[in-house]
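The structure appears below as structure tokens.
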Amino acid sequence: MFYTSSLHRITLLASKPQRLHQFAGTKLQSSPKRTRTIVTESAMNDAFTKYTQYLNDLNDKRERVVKASRDITMNSKKVIFQVHRMSKYNKEEVLKKAEKDLAAVTNQYMSRLVKELQGTDFWKLRRAYSPGVQEYIEAATFCKFCKTGTLLNLDEINATLLPLGDPSLEPLQINVLDYLLGLADLTGELMRLAIGRISDGELEFAKKICSFARDIYRELTLVVPHMDDSSDMKTKMDTMLQSVKKIENACFSVHVRGSEYMPLTGSNDPSSFLVGVPDIEL
């Protein structure tokens, strides 16, 4: 019995090293899995850190773009107010000042926007800068019409922005939707200009404004139904129609009741447009 007990103890002692080797082997086999887990967690942490930094930088850029858009809006409105100071006596002087102010908006504020939005960011942040761009388009097209009687197109506007950016990067280009939205706002300024020109006796100019505003509205009525993102545009179309109607009513009132407008124009000539009421296409 003592012999059996001793033999059993020897057997246990002999088996311990083998078990230790088994445990050691198990640990050695499991260590690569743990290493892979640690490496995977580290890679995920690095990725999340990278994404966090990207989103923080994008939010900071959005704030700067919003600030630039507000500056563009404010200074573009000043250009529009300058144009409205125009009369038949100071037209060249006022338009020269307005063009100078518009150039300052382009070089000081639009250039800041261009530098912020080089690459593909101008698609991601469009909602942040769209109001300022629309106001800028309104001011630029308003100046061009008052000076030449023609419409400033999108290619001409984008051509002025190309020198402001880095030629090695994709430049900011105003998209068609923002251009059309700015063009829709233009009719409101044309309506105010037409009323002012009628009161100043520039009836031919008012008639030209009426024809120009109607052409814009007619062309946009053909385009807007086919636009994908046209909710804003449809709202502005209603306002545009009201502006066109006001211009037409003002011109029609002069055409039908011209003699009542003689004190405004200061004309006593019997052959005047107001007295003779020649044929006018409205």
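Working from label points 7 Å from Cα in the Cα-to-Cβ sense, the residue 224 to residue 81 distance is 2.9 nm.
Excluding same-chain neighbours fewer than eight residues apart, the lysines reachable from residue 234 by a Cα-Cα span under 21 Å are 245, 246. Here's the list of lysines a cross-link from residue 96 could span, going by alpha-carbon distance under 20 Å and ignoring same-chain residues fewer than 8 apart: 77, 78, 88, 144, 147.
Given a Förster radius of 35 Å and the C-beta distance between residue 245 and residue 92 as r, what FRET efficiency does 1/(1 + (r/R0)^6) yield to the nearest 0.05? Computed FRET efficiency for residue 245 and residue 92 comes out at 0.65. Remark: 81, 48, 145 ranked as 48, 81, 145, counting other beta-carbon atoms within 10 Å and listing the fewest first.
Only the coordinates and a few stated rules stand behind these numbers; no lab work does. This structure is a prediction, so every number in the text was calculated from the model and none was measured. Counting neighbours? That spans all protein chains shown, and the Cβs are built from the backbone with ideal geometry, glycine included.
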